[in-house]
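Report on one structure; see the data block that follows.
Derivation of every value follows stated rules applied to the coordinates shown; laboratory data play no part. Because the structure is a prediction, the values reported are computed rather than measured. For neighbour counting, all protein chains shown are included, and Cβ atoms are generated from backbone atoms with ideal geometry for every residue, glycine included.
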Amino acid sequence: MADNKLYEALGVSRTASDSEIRRNYRRLAKEYHPDKNPAAGDKFKEISFAYEVLTNPEKREIYDRYGLKGLQEGGESGFAGAEDLFGHFFGGGGPFGGLFGGFGGGGFRHGQRRGPRRGENTVHRLKVSLEDMYNGKVSKLQLSKNTICTACGGEGGPPGALQPCRMCNGRGIKITITQLGPGMVQQMQSRCLDCDGEGEVINERDRCQVCMGRKVTQQTKLLEVHVDKGMKDEQRITFHGEGDQMPGVEPGDVIIVLQEKAHEVFQRSGADLMMKQTVTLTEALCGFTTVIKHLDGRNIVVKHPPGSVLVPGCIRGIEGQGMPIYKNPYEKGDLYIRVDVEFPENYFAPEGKLKELEALLGGRPAAQEIAADAEEVNMTDFEESPGSGGFRGQYYNEDDDHPHTGGQHVQCAHQ
């Protein structure tokens, strides 16, 4: 019994002409195109597959003689492009689902492609603030994409205008054989330049005036990108099937990659936040109260009790005030505060007050014994001169250990 499934998919008979097949394909492509009918994705793939087989003379002849099984066998023996075509019939769904379930365990041999032939994915980067990742946000992204021309149904011209390329016999590829030596030849395969690898050509006078024979037109698409709470830098958001369109090819995906912008106050580490807080020496010793404005606009009052001394560089944590957990936003990480202590430049007080301060701070360590011949000096501020090469550069040349006679030296006052 003859296999008529591809003809039935396009609503034509086995004796249909090439122009009739193309005309029916354009009509069905408009009706089931994903942009107009998102629920008919499988149907669109099926009619595109049927169109691709029945408009290729070689593939149609094999299908008419041997059916879909003949196309599969042709693909395994080197039939150009067949393994891509059969991908449309795997994965279930549609009138062709499971058609090859009985062949070789229901799949291709090792190394062959599975699934429909797809276009390339398109990747875009979206800069988002730390506030957006904390609170969540919907961003609108305007993209340009190729869509199948609705004027010609992706044909590039009127019915019958497309003709198989004579240079590649409609295959889209050219095979070059080079003689390397006696009994030795090299066979190379390359894309046909005359038809740009499509296997079909159209005269300039017959080209569609909307797409100029390109079969696709460029349109603007507005995507709503949902940045959920807790998303991270370099996290991907995928819009399936929103990539560029081509006749007979399943569109690829549009992938949005989030790029976290640097924040003035907070730095992020996973679900935790880190910030710096500068306090005075008095606050470090006697306690303090400060207000931190969080990423959601809340004012958080942070208190440090008197008597618990903060040393420069110490880190204190606040539980539950970090980033929301992705897909579980009611759970949050922690906030860590690195404390910098700002010391006064000078402190002048009566002698009695200094003694009193010493006692409050626990007194001084035991005095060191000073030899009678020890020399007493005073310290001054140090300023490293440009190009000095560090501390040793102030005193020594690189080639010897003799005192440096040029440049400036640190001056110490002797008493």
- Query: For the residues Cys286, Cys211, what sequence is obtained by ranking on other C-beta atoms within 10 Å, fewest first?
  - Reply: Cys286, Cys211
- Where a label projected 7 Å from the Cα of Val265 along Cα→Cβ would reach, residues of the stretch 117-146 with amide N under 17 Å: 129-136
- In terms of modelled amide H atoms, which long-range or inter-chain residues lie less than 5 Å from the amide H of Met323? Asp272, Leu273, Gly333, Asp334
- Note on the structure: Counting only residues 5 or more apart in sequence or on a different chain, those whose built amide H sits under 5 Å from that of Asp253 are Asn121, Thr122, Gly241, Gly243
- Task: Provide the FRET efficiency to the nearest 0.05 for the Glu331-His124 pair, computing r from the beta carbons and using R0 = 22 Å.
- Result: 0.15
- Message: What whole-number volume per residue, in cubic angstrom, does the convex hull of the C-alpha atoms of the stretch 267-342 give?
- Response: 83 Å³
- In sequence order, what are the phi-derived ³J(HN,Hα) couplings for the stretch 276-286 according to the Karplus relation 6.51 cos²θ - 1.76 cosθ + 1.60 with θ = phi - 60°, rounded to whole Hz, with x for glycine and proline? 10, 9, 9, 10, 7, 4, 4, 5, 5, 8, 10
- Message: Just to check I understand the Karplus step: with θ = phi - 60° and J = 6.51 cos²θ - 1.76 cosθ + 1.60, what whole-Hz values come out for the stretch 208-223, glycine and proline as x?
- Response: 4, 6, 8, 9, 6, x, 7, 6, 9, 10, 8, 10, 9, 10, 9, 9
- Query: So for the pair Ile175, Asn346, with labels modelled 7 Å out along Cα→Cβ, what separation do we get in nm?
  - Reply: 9.4 nm
- Note on the structure: The ³J(HN,Hα) series, computed from each phi in the stretch 255-268 with the Karplus coefficients 6.51, -1.76 and 1.60 at θ = phi - 60°, rounded to the nearest Hz and given as x for glycine or proline, is 10, 9, 10, 6, 10, 6, 7, 5, 10, 6, 10, 9, 10, 10
- Query: Sorted by packing (mean other beta-carbon atoms within 10 Å per residue), highest first, where do 129-135, 368-374, 307-313 land?
  - Reply: 129-135, 307-313, 368-374
- Message: As a quick test, which of the pairs Lys127/Lys221; Lys140/Lys276; Lys232/Lys303; Lys45/Lys232; Lys45/Lys140; Lys174/Lys221 have an alpha carbon distance above 26 angstrom in this structure?
- Response: Lys140/Lys276; Lys232/Lys303; Lys45/Lys232; Lys45/Lys140; Lys174/Lys221
- Task: Report the GluC sites (Glu not before Pro) located in the stretch 215-306 that are in a DSSP loop and have at most 16 other Cβ atoms inside 10 Å of their Cβ, or state none.
- Result: Glu234, Glu264
- For Lys137 and Gln189, calculate 0.36 nm times their separation in residues minus their Cα-Cα distance, and state this gained length in nm to one decimal. 13.8 nm
- Task: Would you tally the net charge around Lys232, using a Cβ to Cβ cut-off of less than 9 Å, leaving Lys232 out, and scoring K and R as +1, D and E as -1?
- Result: -2
- Message: Which order do the peptides 186-196, 332-342 come out in when sorted by mean C-beta neighbours inside 10 angstrom, highest first?
- Response: 332-342, 186-196
